[in-house]
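Notes for the one structure printed next.
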Amino acid sequence: MLHSGAVRVPRLIGAVILTVCLGAPLVEAFDRWDDTLHDGNDTEANLVIAALCVGFALSVVGAVVAWIRLLSSRSNPGVACSTRAAVARMMPAPPIPTSSPPLALRI
């Protein structure tokens, strides 16, 4: 089954965030290039915190979008209408004749 780009991008972002959150502590456990205890500079932990913040922000945005979609689906169906229906409402209605046509137009 093919997924649209709208589904692939959030999954890719989630996979990258998950990889960073799981991979950075492993890199920190086996690194030899910095001395975190003496200098207090922990790049991997900062990267994990940044990834968690981005993931949290995307989760909040996704929840808000889902909540707005839920509210709009429960609202009055006349409020959310198609463009064609909106144009039809804006066009004036044809006049309704209240009397018979003049004698010249009768057949």
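The values are calculated or read from the model by the stated rules, or taken from the named source; none is laboratory data. Bear in mind the structure is a predicted one, so any value in this text is a computation, not a measurement. Note: ideal-geometry Cβ built from the backbone for every residue, glycine included; neighbour counts use all protein chains shown.
Summary of computed values
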{"read-out": "Filter result for I13 (at negative phi, modelled with pLDDT under 80 and either part of a helix (DSSP H, G or I) or loosely packed, with under 10 Cβ neighbours inside 10 Å (or both))", "value": "no"}
{"read-out": "Residues that are small (G, A, S) and farther than 20 Å from G14 by Cα, drawn from region 33-74", "value": "G40, S72, S73"}
{"read-out": "Subset of region 19-42 [surrounded by 13 or more Cβ atoms within 10 Å (Cβ to Cβ), in a helix (DSSP H, G or I) and modelled with pLDDT under 80]", "value": "T36"}
{"read-out": "Scan of region 44-99 for residues that are at pLDDT 75 or above and either more than 22 Å from the chain's Cα centre (by Cα) or not in a helix (DSSP H, G or I) (or both), ordered by number", "value": "E44, A45, N46, L47, V48, I49, I96, T98, S99"}
